[in-house]
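Trainee: So that we are looking at the same thing, I have put the structure below in structure tokens.
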Amino acid sequence: MKKHNFYAGPCILSPYTIKNTIAAIEDFAGTGLSLLEISHRSKPFVAVMDETRALIKELMNIPEGYEVLFLGGGASMQFCMVPYNMLKKKAAYTDTGTWAKNAIKEARFFGEVEVVGSSADKNYNYIPKGYSIPADCEYFHYTSNNTIYGTEVLDTPEVNVPLICDMSSDFMSHPVDVSKYELIYAGAQKNLGPAGVTIVIVKKDAVGKSGRPIPTMLNYQTHIDKESMFNTPPVLPIYSCLMTLRWYKELGGLKEIEKRNIAKAKLLYDEIDRNELFMGTAEMEDRSRMNVCFVMTPPYKEFEDEFIKYCDTKGIMGLKGHRSVGGFRASLYNALPIESVQVLVDAMREFETMKRK
Ligand SMILES: *Cc1c(COP(=O)(O)O)cnc(C)c1O
């Protein structure tokens, strides 16, 4: 049976990415060696790094003065690297869920953190707005998409201090004006490739200002100077990312990807709003296009487990919501085709017919 992968991360990758990664594991670039056993400093792999970097710059329209880095340690490592490199005295953060909270916790090792907005009062079902950022903050950090709660910030916040963003779960899902940011980071495993590499887009003149000594591996300058080759980079995930990026380019770039993501999200949210068995958990205006969180309405609450089992019979995978929200979460990352969303919507309609009281 065809499977429909709604997992939140790691998650669906394009068939193009998987097919070409398998091929390179068998024979990388006609070398007769596997991608897994070739030197990261070999010519064909250096070419992979160069093309991956160039395609990210091209697809995201990254201006001069920025560097694209490929680092290990996941997005979670950036929770500490960002303040280690950027925070002298004080920074502003919004608290929009688990990942934001983790980022705040790490920043507090390095300086004062002012939480300028929080949606903790409503289990993070909205994006805080109308906050103001004290002018003496060295940067403002926010999470653009809250993977667990299904809220998303689509428009770059207009702020008066340097801007830093955790874009892990909506990276390259729509065009972004990179010039408004000092630094953007994203773990690859939600829209780009397998787990193991984190993309960091950093303005070169933003680093080196913290005034504190920074261990070599945690210092952005090291990776800028060595073009992400100070130590062995995650060769396999980077190669898979390149395949995904080639596919994105083939599709027509981020504007086209955004168009598809809007259509997928609309199809599912429209059904959630129409179907009396289901309701969304995030505030309408802050709904995420990437992670659609929903539950069963009170009269039907008892059927949640049964709906998951029903979805199993249709090949729908990974629909269970995060334990802190419950219900369901359908992740509609770039590689998920709209046909899979239609299968889910059909299952919701059939289930409604079976259960409507
Ligand atoms: C998944 C996720 C993370 C954590 O990423 P790791 O690579 O596992 O450290 C951080 N932030 C957001 C928004 C995420 O969705």
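The values are calculated or read from the model by the stated rules, or taken from the named source; none is laboratory data. Owing to the predicted nature of the structure, the values given are computational and were not obtained by experimental measurement. Every residue, glycine among them, receives a Cβ derived from its backbone with ideal geometry; neighbour counts consider all protein chains shown. What goes into the accessible areas is simple: the full protein's heavy atoms, side chains included, and nothing from ligands, DNA or RNA. Shrake-Rupley method; radii C 1.70, N 1.55, O 1.52, S 1.80 Å.
Trainee: Would you be able to tell me the number of residues in the stretch 24-33 that are surrounded by 13 or more Cβ atoms within 10 Å (Cβ to Cβ) and either within 28 Å of the chain's Cα centre (by Cα) or not β-branched (V, I, T) (or both)?
Mentor: So the first thing to find is which residues in the stretch 24-33 are surrounded by 13 or more Cβ atoms within 10 Å (Cβ to Cβ), and the list is 24-25, 28-29, 31, 33.
Narrowing the set further to residues that are either within 28 Å of the chain's Cα centre (by Cα) or not β-branched (V, I, T) (or both) leaves 24-25, 28-29, 33.
Total meeting the criteria: 5.
Trainee: Looking at the stretch 59-82, which of its residues are farther than 26 Å from E256 by Cα and away from the ligand (no atom under 16 Å from the Cβ)?
Mentor: Selection gives G65 alone.
Trainee: Against the definition (in the same structural domain as K90 (by TED's automatic domain parsing) and in contact with a helix residue (DSSP H, G or I) (Cβ under 8 Å, 6 or more places away or on another chain)), how does I133 come out, yes or no?
Mentor: No.
Trainee: A follow-up question, please. Give the stretch 163-190 a look and list any residue that's within 16 Å of P63 (Cα to Cα), without any contact (Cβ under 8 Å) to a residue 60 or more places away in the chain and within 15 Å of the ligand (Cβ to nearest atom), or say none.
Mentor: Passing the criteria: only I184.
Trainee: Would you be able to say whether some residue in the stretch 164-171 is surrounded by 19 or more Cβ atoms within 10 Å (Cβ to Cβ) and either over 26 Å from I257 (Cβ atoms) or not assigned by TED's automatic domain parsing to the domain that holds T244 (or both)?
Mentor: Of the residues in the stretch 164-171, the ones surrounded by 19 or more Cβ atoms within 10 Å (Cβ to Cβ) are 164-171.
Imposing the further condition that a residue be either over 26 Å from I257 (Cβ atoms) or not assigned by TED's automatic domain parsing to the domain that holds T244 (or both) reduces the set to none.
No.
Trainee: Quick one: G196 ticks every box in (1) touching a helix residue (DSSP H, G or I) at 6+ places or on another chain (Cβ under 8 Å); (2) under 30 Å from G117 (Cα atoms) bar one, so which box is it?
Mentor: Among (1) touching a helix residue (DSSP H, G or I) at 6+ places or on another chain (Cβ under 8 Å); (2) under 30 Å from G117 (Cα atoms), G196 violates only (2).
Trainee: Right, Y93: assigned by TED's automatic domain parsing to the domain that holds K209 and open to solvent by 10 Å² or more (accessible area, probe 1.4 Å) or not? So that I can check it myself, show each step before the final result.
Mentor: Numbers: assigned by TED's automatic domain parsing to the domain that holds K209: yes; open to solvent by 10 Å² or more (accessible area, probe 1.4 Å): no.
Judged against the criteria, Y93 is not a match.
Trainee: Still on this structure: What pairs come out if I take residues in the stretch 149-161 that are in contact (Cβ under 8 Å) with a residue 12 or more places away in the chain and pair them with residues that are open to solvent by 60 Å² or more (accessible area, probe 1.4 Å) and part of a loop (DSSP other than H, G, I, E, B) whose C-beta lies under 8 Å away, six or more apart or interchain?
Mentor: Matching pairs, first to second residue: Y149/N123; T151/E283; T156/D177; N160/A135; V161/A135.
Trainee: Would you point out which residue out of S324, S288 is of a type in the set (G, A, S) and surrounded by 16 or more Cβ atoms within 10 Å (Cβ to Cβ)?
Mentor: S288
Trainee: I would also like to ask the following. Based on this model, can you work out whether I12 counts as surrounded by fewer than 16 Cβ atoms within 10 Å (Cβ to Cβ), of a type in the set (V, I, T) and closer than 30 Å to C311 by Cβ?
Mentor: Working: surrounded by fewer than 16 Cβ atoms within 10 Å (Cβ to Cβ): no; of a type in the set (V, I, T): yes; closer than 30 Å to C311 by Cβ: yes.
For I12, the condition - surrounded by fewer than 16 Cβ atoms within 10 Å (Cβ to Cβ), of a type in the set (V, I, T) and closer than 30 Å to C311 by Cβ - is not met.
Trainee: For V202, state whether it is away from the ligand (no atom under 16 Å from the Cβ), crowded, with 20+ Cβ neighbours inside 10 Å, part of a strand (DSSP E or B) and on the phi < 0 side of the Ramachandran plot.
Mentor: On the way: away from the ligand (no atom under 16 Å from the Cβ): yes; crowded, with 20+ Cβ neighbours inside 10 Å: yes; part of a strand (DSSP E or B): yes; on the phi < 0 side of the Ramachandran plot: yes.
Yes: the conditions hold for V202.
Trainee: While we're here: Looking only at residues in the stretch 1-31 that are in contact with a Phe, Trp or Tyr (Cβ under 7 Å, 6 or more places away or on another chain) and among the polar types (S, T, N, Q), which one is farthest from G150 (Cα to Cα)?
Mentor: Result: T21.
Trainee: From the list Y239, Y300, Y248, Y269, pick out the single residue that is more than 25 Å from the chain's Cα centre (by Cα) and either assigned by TED's automatic domain parsing to the domain that holds P337 or surrounded by 15 or more Cβ atoms within 10 Å (Cβ to Cβ) (or both).
Mentor: Details: Y239 fails: more than 25 Å from the chain's Cα centre (by Cα); Y248 fails: more than 25 Å from the chain's Cα centre (by Cα); Y269 fails: more than 25 Å from the chain's Cα centre (by Cα).
None of the others qualify; the one that does is Y300.
Trainee: Quick check on the stretch 37-44. Is at least one of its residues surrounded by 20 or more Cβ atoms within 10 Å (Cβ to Cβ), of a type outside the set (K, R), in the same structural domain as G193 (by TED's automatic domain parsing) and out of contact with any Lys or Arg (no Cβ under 6 Å at 6 or more places or on another chain)?
Mentor: No: zero hits.
Trainee: Keeping to the stretch 105-158, report how many residues are buried (at least 21 other Cβ atoms within 10 Å of the Cβ), at positive phi and more than 16 Å from the ligand (Cβ to nearest atom).
Mentor: 0
Trainee: What helices (runs of 4 or more DSSP H), lying completely within the stretch 245-357, carry at least 1 residues that are aromatic (F, W, Y), in contact with a Phe, Trp or Tyr (Cβ under 8 Å, 6 or more places away or on another chain) and modelled with pLDDT of 95 or more?
Mentor: Because the criterion is at least 1 residues that are aromatic (F, W, Y), in contact with a Phe, Trp or Tyr (Cβ under 8 Å, 6 or more places away or on another chain) and modelled with pLDDT of 95 or more, the helices (runs of 4 or more DSSP H) in the stretch 245-357 that meet it are 304-312, 338-355.
Trainee: Return the pair list, or none, for Cβ contacts closer than 8 Å from residues in the stretch 209-237 that are over 20 Å from P194 (Cβ atoms) and assigned to a helix (DSSP H, G or I) to residues that are modelled with pLDDT of 95 or more and open to solvent by 40 Å² or more (accessible area, probe 1.4 Å), at least 6 apart or on different chains.
Mentor: The qualifying pairs are T216/F230; M217/F230; M217/N231; L218/Y84; T222/T216; T222/F230; H223/F230; I224/K204.
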